[in-house]
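K.L.:
Quick one: structure below, then a few questions.
The values are calculated or read from the model by the stated rules, or taken from the named source; none is laboratory data. None of these values were measured; they are calculated from a predicted model. With ideal geometry, Cβ positions are generated from the backbone for all residues, glycine too; neighbour counts draw on all protein chains shown. In case anyone asks, the SASA skips ligands and DNA or RNA and just uses the protein heavy atoms, side chains included. Shrake-Rupley method; radii C 1.70, N 1.55, O 1.52, S 1.80 Å.
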Amino acid sequence: MKQYQYTAQDIKGHQTADDIKLYINGEFAEANDGETFENINPFTNEVINRVASGKEADIQNAVAAAREAFVSGPWGSMKLAERMAYINRIADVIDEEIEEIAVLEALDTGLPICQTKKMTARAAENFRFYARMVQTKLHGEAYPVDGEFLNYTVYQPLGVVGLITPWNAPFMLETWKVAPALATGNTVVLKPAELSPLTANKLARVIHKAGLPKGVFNIVHGFGETAGASLVAHPDVEAVSFTGETTTGSIIIKNAADTLKKTSMELGGKSPLIVFDDADVERALDAAVWGIFSFNGERCTANSRVFLHKAIKDDFIQALKERVNNIVIGDPMDASTQLGPLIGREHYEKVASYIKLAQEEGCEVVQGELPVNCQSGYFIPPTLLLNANNNMRIAQEEIFGPVMTVIEFETEEEVIELANDIKYGLAGYVWTNDIKKGHRVAQAVDAGMLWVNAQNVRDLRIPFGGTKASGIGREGGHYAIFEFYTEPKVIHVSISDHHIPQFGKKQS
Ligand code: NAD
């Protein structure tokens, strides 16, 4: 494996931090109108590079290439083992380049390098997992009918699928969609987030190196309202898989309705973490702190609402304050950094406005100290919003930063009601040593994914996604391949001279 020793400065000289082009029909290309936009380093606030700004004409080209590759190219008719060899080859190239990918991700997003290393390392497994899944599990069913028919199903790819991804864990989330989409035989146009294009560009290079046939995978960089909206509106795009904000999800569903597209929505969250008085408090504390302050708090499943039982609240808060003071804030490229800067100015202003609002709403605000080398970046120190209640806006709205809202409760019924009194339903965490209560509460909380006595640990086989305003549909496991990236087709075969009504036939 190559070893990269990049700093934020010298990465500029590297190929993948050169100006970024679109990747269409197996070639890197400027946008049709030649426009570009700046990509900013959230730690130094300096320009890393410029990015081709794709728009409708570029989406047209990318979709045409993907359609051609689906209809006439070798991808659809390729033997399964051959297609899966390509998918596994992508995983191998990711492994070869993983050190560089982790560096690019930290540089582009402000996520600490020790965390991007772990996160990007999982990307190769996304491809290997779906190669295995498609080879062993993607098969239909047979329905024998009274010796007259055999009806069977086949699961077929949709055609061109549009993938739209956010900036908070770019490489991980892109590969999480690209892997099942390609493994099932679709062709892809990816519109990555405009705020974090470096590793999306790297993915294009990885796939190029893996030698996929031209047009099978395409990337159009650009903004949501132009490139993203054109992808959603395109009549030859059969489906759109989206991860991002709830409000954007609503817009995409509305726009996709015109062409009757299938959509998958992975949206925002405001997930509760509930600590009962009988919990292993030290472990609950570790999980609560990690769950909101790792990934700079920019994690969809973050435990941004923490409900503490009255009996343990004071001690727990005291421990939280100590933890918040000790979290290492700094340069994302430094291996010891635990919390880096937020993605950019606009997001920083949004998070800062919620902290101001918390003060206005009557919360006690406790924050860690920013070191002196963090003045130019978009840093929000780890923040506790204490004495909150569930009706406050800071308890109801997704802040998406290192900000924990802390709320007291007394009874199981009360905390279930509070946990569910919100529009979101992505994840939830229950801490108790009473096994019955753990199951009861987990089953009662309205969310797609619950963890009992654990932090958010991943299992690629599970249905990943949320309820209520947190999403529609599930990714992960066989859900992605059966419920989204393929269509079941049923074939009815008569195996007898079964009766056919003789409609309009003259009787002899
Ligand atoms: P966002 O909705 O602002 O943007 C996401 C993507 O959508 C970007 O690529 C953007 O360019 C594109 N987009 C914006 N407007 C569009 C439009 N009109 N048509 C088509 N595309 C459009 O989200 P974000 O700020 O990048 O990401 C953070 C959000 O993502 C948070 O709400 C977070 O909870 C959510 N998220 C959810 C999950 C999940 O699995 N549920 C995972 C990660 C992030």
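K.L.:
For segment 115-139, how many residues are open to solvent by 50 Å² or more (accessible area, probe 1.4 Å) and among the hydrophobic types (A, V, I, L, M, F, W, C)?
P.N.:
1
K.L.:
Then there's this: Residues that are out of contact with any strand residue (DSSP E or B) (no Cβ under 7 Å at 6 or more places or on another chain) and near the ligand (Cβ under 9 Å from one of its atoms): does segment 144-157 have at least one?
P.N.:
No.
Let's see how each residue does on (1) more than 30 Å from Y143 (Cβ to Cβ); (2) among the basic types (K, R):
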| site | (1), (2) |
| --- | --- |
| N433 | yes, no |
| K436 | yes, yes |
| Q443 | yes, no |
| A447 | yes, no |
| Q455 | yes, no |
| R461 | no, yes |
| T486 | no, no |
| K489 | no, yes |
| V493 | no, no |
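K.L.:
Can you tell me how many residues within segment 38-56 are more than 14 Å from A200 (Cβ to Cβ) and assigned to a strand (DSSP E or B)?
P.N.:
4
K.L.:
Filter segment 243-271 down to the residues that are out of contact with any strand residue (DSSP E or B) (no Cβ under 6 Å at 6 or more places or on another chain) and either open to solvent by less than 10 Å² (accessible area, probe 1.4 Å) or under 23 Å from G448 (Cβ atoms) (or both) and list them by number.
P.N.:
G244, E245, T246, T247, T248, S250, I251, K254, G268
Let's see how each residue does on (1) among the aliphatic types (A, V, I, L, M); (2) modelled with pLDDT under 95:
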| residue | (1), (2) |
| --- | --- |
| P371 | no, yes |
| M392 | yes, no |
| E398 | no, no |
| T405 | no, no |
| E414 | no, no |
| N433 | no, no |
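K.L.:
I'd like the residue in segment 426-462 that is closer than 30 Å to V134 by Cα and among the basic types (K, R) and, out of all such residues, is nearest to the ligand (Cβ to nearest atom).
P.N.:
R458
K.L.:
Something else now. Can you pull out every residue in segment 140-154 that is open to solvent by 80 Å² or more (accessible area, probe 1.4 Å) and either modelled with pLDDT under 95 or of a type in the set (D, E) (or both)?
P.N.:
Matches in segment 140-154: D146 only.
K.L.:
Considering segment 272-305 alone, what residues qualify as being open to solvent by 10 Å² or more (accessible area, probe 1.4 Å), of a type in the set (A, V, I, L, M) and assigned to a loop (DSSP other than H, G, I, E, B)?
P.N.:
A279 - this is the single residue of segment 272-305 that is open to solvent by 10 Å² or more (accessible area, probe 1.4 Å), of a type in the set (A, V, I, L, M) and assigned to a loop (DSSP other than H, G, I, E, B).
K.L.:
Please go through segment 231-242 and pick out each residue that is within 10 Å of the ligand (Cβ to nearest atom) and either open to solvent by 20 Å² or more (accessible area, probe 1.4 Å) or free of Cβ contacts under 8 Å to residues at least 12 places away in the same chain (or both).
P.N.:
A233
K.L.:
From the list T187, T226, T259, T248, exactly one residue is touching a Ser or Thr at 6+ places or on another chain (Cβ under 8 Å), hydroxyl-bearing (S, T, Y) and in the same structural domain as I481 (by TED's automatic domain parsing). Which is it?
P.N.:
Of T187, T226, T259, T248, the one residue that is touching a Ser or Thr at 6+ places or on another chain (Cβ under 8 Å), hydroxyl-bearing (S, T, Y) and in the same structural domain as I481 (by TED's automatic domain parsing) is T226.
K.L.:
Could you tell me whether any residue of segment 207-226 is more than 10 Å from the ligand (Cβ to nearest atom), of a type in the set (V, I, T), part of a loop (DSSP other than H, G, I, E, B) and without any contact (Cβ under 8 Å) to a residue 40 or more places away in the chain?
P.N.:
The answer is no; no qualifying residue exists.
K.L.:
Moving on. Across segment 392-425, which residue is farthest from G438 (Cα to Cα) among those that are within 14 Å of the ligand (Cβ to nearest atom) and β-branched (V, I, T)?
P.N.:
I399
K.L.:
From G249, G269, grab the single residue that is within 15 Å of the ligand (Cβ to nearest atom), part of a loop (DSSP other than H, G, I, E, B) and under 25 Å from A480 (Cβ atoms).
P.N.:
G269
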